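> Quick one: the structure is below, and I'll ask about it shortly.
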Amino acid sequence: MTDPIRRYTRNTHGRDFVVGDIHGCFSLLERLLAAVEFDAGRDRLFSVGDLVDRGPESPRALEFLALPWFHTVRGNHDDFVLSARTRESRLHWWVACGGVWWLEQDEATRARFRQALAQLPLVIEVESVQGLTGIVHADVPATLDWPGFVAALRAGEAEVAHTALWGRARMMGQVRTGVAGIERILVGHTPSFDGVCRVGNVYGLDTGAVYGLLEPHYSGAALSLLELDSGTVYMLPSADPSADRSWVYHQRQLLVRAMLEADKL
């Protein structure tokens, strides 16, 4: 059984970065990495999860998961790949939430995805000059400090794991305090079009990159990247009215076809 927590020592040879929700926007990520002069021989890239769905390049997630410098937690959209296999209702919902790309994958590719995503932890801990940083896709229960959160996940507590994948209480303003027992926490899941959000020591890095690719009127949409040691945030806007959006039309065609032929999902 995969340990839900994975820890990394401080990178003493290069820089460490954490990126917000990618959602199949890997070309955008490559542009952002080029802009910060990412050195694949020395630097590391961590992700808050949600590698797939909604965007144009979800199949490329396998390519990035195989890279030695790329490390990610599991997001709720990544988890769909695993949970939808045995729950038909979940599969239909997933397709409607941006998972139409899955319908075009052959069974061998689907098996590779399941194997790779099943190995992902729910939490990553990274040591840096600023102290220990925790990375989790969505949130930490308001009743738990960081050591309690980690212990609950290792004990297999389902409600705590659900919050790690789906929680929004802090980013939605329902909880206004941070999490004790750790220097800072980086999350995604809840998009903000006004830049990186902060609640205490919890920072939300999902700045809605994929929505700028889907619809150009999301003018604040961007892919965000935080450098761990310096705390510097780099943002690459994703909304471009002149961009080719033929892939959006293709996805919508697939969705309509799937709705009409639901028994074939």
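> Hey, how many Å between the Cα centroid of the stretch 156-180 and the Cα centroid of the stretch 194-229?
Using only Cα atoms, the two centres lie 19 Å from each other.
> I've got another one for you. Would you please classify the overall shape of the stretch 1-112 from the alpha carbon gyration tensor, given that a ≥ b ≥ c denote the square roots of the eigenvalues, rounded means a/c under 1.5, and beyond that prolate means a/b larger than b/c while oblate covers the rest? Write down the numbers at each step before the final one.
Values: a/c = 2.39, a/b = 1.70, b/c = 1.41.
The shape class here is prolate.
> In what order do T190, T12, T163, T143 fall by count of nearby beta-carbon atoms within 10 Å, going from fewest to most?
Ordered by Cβ neighbours within 10 Å, fewest first: T12, T143, T190, T163.
> Could you tell me the relative contact order of the chain? Use alpha-carbon pairs under 8 Å, at least six residues apart, and round to a whole percent.
Details: 541 pairs, mean separation 56.6, N = 265.
Reported as a whole number, the value is 21 percent.
> Most exposed first by the Cβ proxy, i.e. fewest other Cβ within 10 Å, how do R170, R184, R154, R6 rank? Don't jump to the answer; show the numbers that get you there.
Values: R170 26, R184 21, R154 14, R6 18.
With the sparsest Cβ surroundings first, the list reads R154, R6, R184, R170.
> Please order L132, L117 by the number of other Cβ within 10 Å, starting at the fewest.
On the way: L132 16, L117 22.
In increasing order of surrounding Cβ atoms, one gets L132, L117.
> Roughly speaking, what is the centre-to-centre gap between the stretch 106-130 and the stretch 1-31 when only Cα atoms are used, to the nearest Å?
If you average the Cα positions of each part, the centres end up 11 Å apart.
> Compute the relative contact order of the stretch 121-265 as a whole-number percentage, counting only Cα pairs closer than 8 Å that sit 6 or more residues apart in sequence.
On the way: 252 pairs, mean separation 24.5, N = 145.
Value for the stretch 121-265: 17 percent.
> Something else now. Please compute the net charge surrounding L205, taking Lys and Arg as +1 and Asp and Glu as -1 over other residues with Cβ under 15 Å from its Cβ.
Details: positive: R168, R170, R184, R198; negative: D16, D21, D50, D139, D194, D206, E227.
Net charge around L205: -3.
> While we're here: Taking just the C-alpha trace of the chain, give me its Rg and Dmax in Å.
Just the Cα atoms of the chain yield Rg and Dmax of 17.8, 54 Å.
> A further question follows. At a temperature of 37 °C and a viscosity of 0.692 mPa s, determine how fast the stretch 185-253 diffuses translationally according to Stokes-Einstein, using the Kirkwood radius over alpha-carbon pairs as Rh; express D in µm²/s, rounded to the nearest whole number. Spell out each step's value before the answer.
On the way: Rh = 12.9 Å.
For these conditions, the coefficient is 255 µm²/s.
> Let me ask you something else. Between E30 and F193, with labels modelled 7 Å along Cα→Cβ, what's the label distance in nm to one decimal, could you check?
In this crude spin-label approximation the distance works out to 2.8 nm.
> Let me make sure I get this right: for the stretch 124-265, a, b and c are the square roots of the gyration tensor eigenvalues over alpha carbons, sorted descending. Under 1.5 in a/c it's rounded, otherwise prolate if a/b > b/c, else oblate. Which is it?
On the way: a/c = 2.61, a/b = 1.47, b/c = 1.78.
Taking the square roots of the gyration eigenvalues as a ≥ b ≥ c, the stretch 124-265 is oblate.
A short reminder: the numbers here are calculations on the coordinates, not readings from a lab. Model, not experiment: these values are computed from the prediction. Methodologically, a virtual Cβ is constructed for each residue, glycine included, from the backbone with ideal geometry; neighbour enumeration extends over all protein chains shown.
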